Amino acid sequence: MIIQDRMAPKVDREFVLFLIGMRINKIHKMAKWLPIFASMPRMIRELEAQKDLGLMHARFHPGFRNFFLIQYWESWDKLMAYAHDSDRNHRPAWTEFSKNVGSNGDVGIWHETYTVKPGQVEAIYGNMPQYGLGNAFDLVKAEGKMKGAAERMTADG
């Protein structure tokens, strides 16, 4: 549903922005990259089904060789707990990647992690469906202390 007002996320607590992706370096080696590609939807389904694990929202961005996800997490601790929990989908997938690909160059993987505090983030959405931070936090009309970019950047939620 398109929201025709100018909207901004009400970021009232610290969160973690986690970007994770893969690059297919050797397209013909499908047996190497397909299991990695297929593992991410399983992880996201698991995280979405168990909200207490800490994932607030995830969005997949496909490309030709490059694929990545934007993820919003409640905390660094919850992200790390999930990443290292051998009873969850991530740890076995990481072990499998290390065993089958390692550093042979067939598939590249990457991630970036940022901890963001209230007053250190600014976002605006106009004539958009709920998107980005607006899926992780409540959306409010971009008026008053949320009207301009400078005001949103320093707003405390």
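Laboratory data are not the source of any read-out in this text; all were calculated from the coordinates shown. Note that this is a predicted model, so its numbers are computed, not measured. Cβ: placed from backbone, ideal geometry, glycine included. Neighbour counts: every protein chain shown.
At a Cα cut-off below 19 Å, give the aspartates and glutamates reachable from residue 147, other chains included and same-chain residues fewer than 8 away excluded.
5, 12, 122, 138, 156
Cross-chain or 8 or more residues apart, Cα under 29 Å: how many lysine pairs in the stretch 38-146 fit that? Count them up, please.
Lysine pairs, 8 or more places apart or on different chains, close enough: 7.
Search the structure for amide H atoms under 5 Å from the amide H of residue 25, placed 1.01 Å from N in the peptide plane, and list their residues when 5 or more places away or on another chain.
The answer is 107, 108.
Angle check, please: helix 30-49 long axis (alpha carbons) against the longest principal axis of the chain (alpha carbons), in degrees 0 to 90, nearest 10.
With both axes taken from Cα atoms, the answer is about 40 degrees.
How far apart, in nanometres, would the label points at residue 147 and residue 91 be if each is projected 7 angstrom from Cα along the Cα-to-Cβ direction?
5.3
Using +1 at the C-beta of Lys and Arg and -1 at the C-beta of Asp and Glu, which of 142, 129, 63 has the Cα lying farthest in the positive direction of the dipole of the chain?
Final value for the positive-end residue is 63.
Need one number: the % of Cα-Cα pairs in the stretch 15-115 sitting beyond the 16 Å mark.
Tail of the P(r) past 16 Å holds 56 percent of the pairs.
Would you tally the net charge around residue 25, using a Cβ to Cβ cut-off of less than 11 Å, leaving residue 25 out, and scoring K and R as +1, D and E as -1?
Its environment carries a net charge of +4.
Let me know the charge dipole size of the stretch 15-115 about its Cα centre in debye, to the nearest 20, where only the beta-carbon of Lys, Arg (+1) and Asp, Glu (-1) is charged. Can you show the working numbers first?
Working: 13 positive and 10 negative charges, 104 e Å.
Charge dipole of the stretch 15-115: 500 debye, to the nearest 20.
When only DSSP loop residues count, what chymotrypsin sites (Phe, Trp or Tyr not before Pro) in the stretch 63-96 have their Cβ near at most 14 other Cβ atoms within 10 Å?
Of the chymotrypsin sites (Phe, Trp or Tyr not before Pro), the ones in loops of the stretch 63-96 whose Cβ has at most 14 other Cβ atoms within 10 Å are 64.
Just to confirm a number: summing +1 for Lys and Arg and -1 for Asp and Glu over residues other than residue 42 whose beta-carbon lies under 15 angstrom from that of residue 42, what do you get?
Its environment carries a net charge of -2.
Let me know the volume per residue of the alpha-carbon convex hull for the stretch 86-157, in Å³.
166
Please give the net charge around residue 125, taking every other residue with its beta carbon less than 13 angstrom from that of residue 125, where Lys and Arg add +1 and Asp and Glu add -1.
Net charge around residue 125: +1.
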